[in-house]
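Heads up, the thing below is written out as structure tokens.
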């Protein structure tokens, strides 16, 4: 006869924990299970702090506790998060800006981040795990992400960013009973070591100088003191807004977006030869050669057939010129914009799967989760960054040296 396996937790200990209470109440919000989660989490966090201080040779020490409310499957619990005097402690159990307790909730959030709707998640859990949950529970779990978004959007930033890409994509959001197109604006910063970081996410129905001025002031208030080079996709009002807050920033038009705008004027059968003719402009040796190539294009077959292309390049010329100062390998970082394009591709896939969103918050939840997943995959800087650093140091001098020291 098989021997009965002993329980991992002795009955005497369970009796002591229940203290005569109805065992059913242990599963209620703020019941025994939540108390155990709180006790175990705080013990693990304190152990992490002890390990952190043991490896720190700078004389760092504890500095009391901060409070954080996290969401669990049964409700919310308040945790005491240990702090250190040098503010270098970054807990792994519950990371900074994380507002969800690790567990089943993370599975739901992970599925939501992959573009699944609440009802699709319900069906998936029932089919795969035999678990019945309601769409309302899925919505409640994913709504906890809103607290993370608020903390993430207000977090301190680096004082200097050598390079920041600003881009936008369109999403459909139901607003007052009408589905409207709204713009989601993303700021992707590149630090001095080449590491990428999403600086912020903004959802607006319209854009202009006032909107961009608000964004720039928000970045300034979060600790950004200087941006060396900003790459934008022809966003209306941006150059004036950024120079009002960061007067020394060089503004560079995204060449990819400028090419796309140029080809909007062109019939489908002419697109390849026109795109090939435009290469002579942005691959020119320097700004003077680029200007001459633009003039040659305007006088050529395609420039005469599509005069609007030359006009659009001349209107943006002041924001095209900066990247001519860089070596061809470094220019690729600026005009291919692989980083922001790859990020946008992931966002567009998630948005297409959803169709339209019932609210602004629903759109922000999904986009934030997709960005959060994307950031975890960023491990290495672009291979051109070593050369880029040397050229940034020459072009921007002490401004770039300050970024390296930050």
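Values quoted throughout were computed directly from the atomic coordinates according to the rules given, and no laboratory measurement underlies them. Since we're looking at a predicted model, the values are computed, not measured. Quick reminder, even Gly has a Cβ in these numbers, built from the backbone with ideal geometry, and neighbours come from all protein chains shown.
Dimensions of the range 160-405 from C-alpha coordinates, computed as largest minus smallest value along each principal axis and given longest first, are 50, 48, 33 Å. Multiplying the residue separation of residue 65 and residue 315 by 0.36 nm and subtracting their alpha-carbon distance yields 84.5 nm. If R0 equals 22 Å, the separation of the Cβ atoms of residue 328 and residue 394 corresponds to a calculated FRET efficiency of about 0.85. Extension gain, residue 56 to residue 308, is 84.6 nm, computed as 0.36 nm per intervening residue step minus the present C-alpha separation. Per residue, the convex hull around the alpha carbon atoms of the range 154-247 comes to 99 Å³.
Between residue 134 and residue 90, the modelled label-to-label distance comes to 4.0 nm, taking each label 7 Å out from Cα in the direction of the beta carbon. Computed extension length for residue 150-residue 80: 23.2 nm, one decimal, from 0.36 nm per residue of separation with the Cα-Cα distance subtracted.
Here the scattering of the range 282-406 is modelled by Debye summation over its C-alpha atoms, one equal scatterer each and no solvent; at q = 0.10, 0.16, 0.20, 0.23 Å⁻¹ the log10 of I(q)/I(0) is -0.55, -0.98, -1.08, -1.22. Ranked by the mean number of other Cβ atoms within 10 Å of their residues, highest first, the peptides 275-288, 169-182 fall in the order 275-288, 169-182. Each label was represented as a point 7 Å from its Cα along the Cα-to-Cβ direction; for residue 386 and residue 288 these points are 3.3 nm apart. Paramagnetic label reach from residue 197 (point 7 Å along Cα→Cβ; backbone nitrogen cut-off under 16 Å): within the range 47-90, residues 87-90.
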